[in-house]
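Participant: Shown below is the structure under consideration.
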Amino acid sequence: MAESSIVVSVEKVVKHLKDHKVKAAVKVKSEVLRIAENFLKDEGYVELLPTILSTVTDPLNHDVYEVTVDYNGLPYRLTQSMIFHKQLALLAFDKIFITSPNIRLETFDKSTSGRHLFEFVQIDLEAREATREDIMNLIERLFVEIFKGVRESCKEELEFLDVDPEIPKPPFKKVKYLDAVKEYGEKFEDKLSMDLDQPAWLIDIPILKREFYDKLSPNGETLLDMDLILPRGYGEVISGGEREYEYDSILRRMAIKGNDPENFEWYLKIVKEYGIPPSAGCGFGVERLTRYICGLDHVKYTRLFPKVPGELWV
């Protein structure tokens with residue numbers, strides 16, 4: 001192969017691999033994963049392996065480039081999250097989690113956010129009969145354990161990065177979405193995040209701002225969902241909430257969002273004929289949390305082989 005045809009900069013890759021900042025952050029990320037997985041197992045969560053390809057995936061509530069795979073005439077899609085598989089998994093287990101790699105081909109305008117990779121990992125969890133408050137409480141306890149553990153086991157790395165991550169103090173503040181809009185305007189997340197000195201829950205998000213599977217509140221206008229917003233401008237790290245589980249309610253929500261039921265045929269067939277249990281859950285971005293702990297200006301430093309929107313990498 002001619003040298004001129006190699007688009008990826010070899011020098012850039014090697015420089016990144018040898019960057020001590022990257023090595024320190026990756027070590028911290030490894031500890032975040034270990035602590036989170038052990039904590040969830042101690043809480044009775046069963047670990048599942050991720051589903052990478054499926055005929056149905058999360059429709060999401062923002063633009064991405066969708067990826068389909070023709071496997072000998074059989075149509076598959078890259079899963080953008082395991083939301084539907086998580087719900088169905090509760091037919092087998094009461095509580096589950098997945099350390100789940102995700103590929104979401106984000107639009108190139110996300111390249112400078114500092115928060116976006118189009119290949120990333122989230123720890124996804126779901127619990128039968130759980131409420132939003134149950135999941136928020138679980139995450140608050142989990143984050144305390146993560147920060148305590150990292151401070152103890154990654155002293156050398158944190159010292160090199162010149163950071164001293166503060167252990168969060170539950171219970172986290174709760175901010176209603178419409179209150180945030182009223183105070184900061186429609187594009188409030190960065191301003192809210194900059195005003196925080198501790199993580200805070202953003203709750204009661206309007207129905208059209210999220211996907212059809214987030215459960216509608218009794219008021220019929222907002223959802224029983226939540227995001228966790230990190231302080232100092234680091235932004236959202238978790239999305240989750242309670243789930244719609246009744247067939248007719250799911251169809252009504254699809255109609256409101258404009259989702260075609262034919263695109264979710266086998267999922268809806270299971271819901272209608274066998275039923276799925278009420279549940280709540282969430283997923284948190286491992287790289288985003290690591291970026292916050294390490295005080296990094298870009299999430300790309302948390303991976304040896306980062307995929308930043310708009311960039312070509314190995």
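The values are calculated or read from the model by the stated rules, or taken from the named source; none is laboratory data. On a predicted model such as this, the values are computed, not experimentally measured, just so you know. Virtual Cβ from ideal backbone geometry, glycine too; neighbours counted across all protein chains shown. These area figures cover heavy atoms from the full protein model, side chains too; ligands, DNA and RNA do not enter into them. Shrake-Rupley method; radii C 1.70, N 1.55, O 1.52, S 1.80 Å.
Participant: Restricting to region 193-216, name every residue that is out of contact with any strand residue (DSSP E or B) (no Cβ under 6 Å at 6 or more places or on another chain), of a type in the set (A, V, I, L, M, F, W, C) and within 22 Å of Arg288 (Cβ to Cβ).
Facilitator: The answer is Met194, Leu196.
Participant: Scanning for something under 19 Å from the mean Cα position of the chain (by Cα) and at pLDDT 95 or above, does region 98-106 turn up at least one residue?
Facilitator: yes
Participant: Something else about it: Give me the strands (runs of 3 or more DSSP E) completely within region 52-135, filtered to those with at least 3 residues that are touching a residue at least 24 places away in the same chain (Cβ under 8 Å), ordered by residue number.
Facilitator: Of the strands (runs of 3 or more DSSP E) lying wholly inside region 52-135, those with at least 3 residues that are touching a residue at least 24 places away in the same chain (Cβ under 8 Å) span 95-103, 119-128.
Participant: Moving on. List every residue pair whose Cβ atoms lie under 6 Å apart, where the two residues are 6 or more positions apart in sequence or sit on different chains, the first residue falls within region 156-176 and is outside any helix (DSSP H, G or I), and the second residue, located anywhere, is among the aromatic types (Phe, Trp, Tyr) and surrounded by 14 or more Cβ atoms within 10 Å (Cβ to Cβ).
Facilitator: Every condition considered, the pairs that remain are Pro165/Phe147; Ile167/Phe147; Pro168/Phe143; Phe172/Trp201; Lys174/Trp201.
Participant: A follow-up question, please. When region 85-116 is examined, which residues are found to be open to solvent by 10 Å² or more (accessible area, probe 1.4 Å), among the aromatic types (Phe, Trp, Tyr) and closer than 30 Å to Pro171 by Cβ?
Facilitator: Phe93
Participant: Is it the case, given these coordinates, that Arg132 is modelled with pLDDT of 95 or more, of a type in the set (Lys, Arg) and under 30 Å from Asp204 (Cβ atoms)?
Facilitator: So Arg132 passes the test.
Participant: Output yes when any residue across region 26-34 is outside any loop (DSSP other than H, G, I, E, B) and touching a Phe, Trp or Tyr at 6+ places or on another chain (Cβ under 9 Å), and no when none is.
Facilitator: Within region 26-34, one or more residues are outside any loop (DSSP other than H, G, I, E, B) and touching a Phe, Trp or Tyr at 6+ places or on another chain (Cβ under 9 Å).
Participant: Which numbered condition in (1) in contact (Cβ under 8 Å) with a residue 12 or more places away in the chain; (2) closer than 18 Å to Ile238 by Cβ is the only one that Phe188 fails?
Facilitator: (1)
Participant: Going through region 245-267 one residue at a time, which ones are open to solvent by less than 10 Å² (accessible area, probe 1.4 Å) and farther than 15 Å from Leu60 by Cα?
Facilitator: Selection gives Ile250, Tyr267.
Participant: If you don't mind, another one. Test of understanding: among Glu152, Glu186, Glu119, Glu133, which residue is out of contact with any strand residue (DSSP E or B) (no Cβ under 6 Å at 6 or more places or on another chain), more than 16 Å from Asp227 (Cβ to Cβ) and open to solvent by 20 Å² or more (accessible area, probe 1.4 Å)?
Facilitator: Glu152 is the lone residue from the list that is out of contact with any strand residue (DSSP E or B) (no Cβ under 6 Å at 6 or more places or on another chain), more than 16 Å from Asp227 (Cβ to Cβ) and open to solvent by 20 Å² or more (accessible area, probe 1.4 Å).
Participant: What's the total number of residues in region 281-314 that are open to solvent by 20 Å² or more (accessible area, probe 1.4 Å), hydrophobic (A, V, I, L, M, F, W, C) and either within 18 Å of His20 (Cβ to Cβ) or touching a strand residue (DSSP E or B) at 6+ places or on another chain (Cβ under 8 Å) (or both)?
Facilitator: 2
Participant: Also, I was wondering about something else. So, of the residues in region 195-222 that are aliphatic (A, V, I, L, M) and without any contact (Cβ under 8 Å) to a residue 40 or more places away in the chain, which turns out to be farthest from Thr112 (Cα to Cα)?
Facilitator: So the residue we want is Leu216.
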